[in-house]
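K.L.:
One structure, pasted below without further comment.
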Amino acid sequence: MIYEVRTYTLRPGTLAEFEKRYEKRLPLRLKHSKLGAFWHTEFGPLNQVVHVYPYDDLQHRTRVRTAMAQDAERNALPGGQDLIVMQEAEIMNPAPFMRPLGSRDFGTGNVYEMRTYTYAPGDIPKVLEAWGKAIEARERFSPLAACWTSELGGLNKFVHIWAYKDLNERARVRDESRRPGTGWPPQAGVRPVRQENKLLIPASFSPVR
């Protein structure tokens, strides 16, 4: 399985309208393939929506996008092209220890922290090995919603998304999980050359809430 992560930067003040239009078109989108998640940013780069689509492989993605381009009923509804400032699409591979997106019920009303680490070329396998050994202990504090490495788009990226009930729980978990003896953060022997984080709020229609 692969995941396409599409990030759209919108004109300020247009987020609600974009999500409204997307929700109206969603049933027609779901005829072709499922939606994995849909979030918008609360902290970090603002006015962004992040939507995730799982596919069997790149050929599956191509078939779906070709079918959507030919879907007259869906294309008759207004999209969000006039609201978008910038678009980015990346193909991600799930980490070996990641459970499929949407396979667990985190309840509703959550916030999600998306952390993107860029490593030097060749370092990602070391990171995956270290995380694979430590992730079970870390998830005793809060669940890992997704973990990917980039395949197409920006390379050498390691993306992890954590679910929290609120910002207070995030602060508590980050403090408790880093205490001596927890084994966190994993010691891979390498450090990222760049880090970025976003706080994400799920849309009402997002499968991951």
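K.L.:
Can you tell me which residues in the stretch 154-180 are in contact (Cβ under 8 Å) with a residue 40 or more places away in the chain, small (Gly, Ala, Ser) and surrounded by 15 or more Cβ atoms within 10 Å (Cβ to Cβ)?
P.N.:
Of everything in the stretch 154-180, just one residue is in contact (Cβ under 8 Å) with a residue 40 or more places away in the chain, small (Gly, Ala, Ser) and surrounded by 15 or more Cβ atoms within 10 Å (Cβ to Cβ), namely Ala163.
K.L.:
Still on this structure, please answer the following. Do you know which of the residues in the stretch 159-206 that are of a type in the set (Gly, Ala, Ser) and modelled with pLDDT under 95 is nearest to Ile2 (Cα to Cα)?
P.N.:
Here the answer is Gly183.
K.L.:
Provide a single number: the residues in the stretch 29-69 that are free of Cβ contacts under 8 Å to residues at least 40 places away in the same chain and closer than 24 Å to Gln195 by Cβ.
P.N.:
Here the count works out to 2.
K.L.:
Restricting the search to the stretch 170-190, which residues are assigned to a loop (DSSP other than H, G, I, E, B) and not hydroxyl-bearing (Ser, Thr, Tyr)? Even if it seems obvious, please write down each step before you answer.
P.N.:
Step one: of the stretch 170-190, the residues assigned to a loop (DSSP other than H, G, I, E, B) are 178-190.
Once the filter is applied, which keeps residues that are assigned to a loop (DSSP other than H, G, I, E, B) and not hydroxyl-bearing (Ser, Thr, Tyr), the stretch 170-190 yields Arg178, Arg179, Pro180, Gly181, Gly183, Trp184, Pro185, Pro186, Gln187, Ala188, Gly189, Val190.
K.L.:
Here are Pro100, Pro96, Pro121: which of them is loosely packed, with under 13 Cβ neighbours inside 10 Å and in contact with a Gly (Cβ under 7 Å, 6 or more places away or on another chain)?
P.N.:
Answer to the selection: Pro96.
K.L.:
Where residues in the stretch 186-209 are charged (D, E, K, R) and over 21 Å from Lys133 (Cβ atoms), which of them is surrounded by the fewest Cβ atoms within 10 Å (Cβ to Cβ)?
P.N.:
Arg194
K.L.:
Restricting to the stretch 105-147, what's the tally of residues that are of a type outside the set (Val, Ile, Thr), touching a strand residue (DSSP E or B) at 6+ places or on another chain (Cβ under 8 Å) and touching a residue at least 40 places away in the same chain (Cβ under 8 Å)? I'd like the intermediate steps shown before the answer.
P.N.:
Just the residues of the stretch 105-147 that are of a type outside the set (Val, Ile, Thr), to begin with: 105-107, 109-110, 112-115, 117, 119-123, 125-126, 128-134, 136-147.
Subsequent filtering for residues that are touching a strand residue (DSSP E or B) at 6+ places or on another chain (Cβ under 8 Å) retains 106, 110, 112-115, 117, 119, 128, 131, 138, 142-147.
Applying the additional criterion that residues be touching a residue at least 40 places away in the same chain (Cβ under 8 Å) yields 106, 110, 112-115, 117, 119, 131, 138, 144-147.
Residues flagged as of a type outside the set (Val, Ile, Thr), touching a strand residue (DSSP E or B) at 6+ places or on another chain (Cβ under 8 Å) and touching a residue at least 40 places away in the same chain (Cβ under 8 Å) within the stretch 105-147 amount to 14.
K.L.:
Yes or no: Met68 surrounded by 19 or more Cβ atoms within 10 Å (Cβ to Cβ) and out of contact with any Cys (no Cβ under 8 Å at 6 or more places or on another chain)?
P.N.:
Judged against the criteria, Met68 is not a match.
The values are calculated or read from the model by the stated rules, or taken from the named source; none is laboratory data. The structure presented is a predicted model; accordingly, all values stated were derived computationally and were not measured. When we count neighbours, we look across all protein chains shown, and the Cβ atoms used for this are built from the backbone with ideal geometry, even at glycine.
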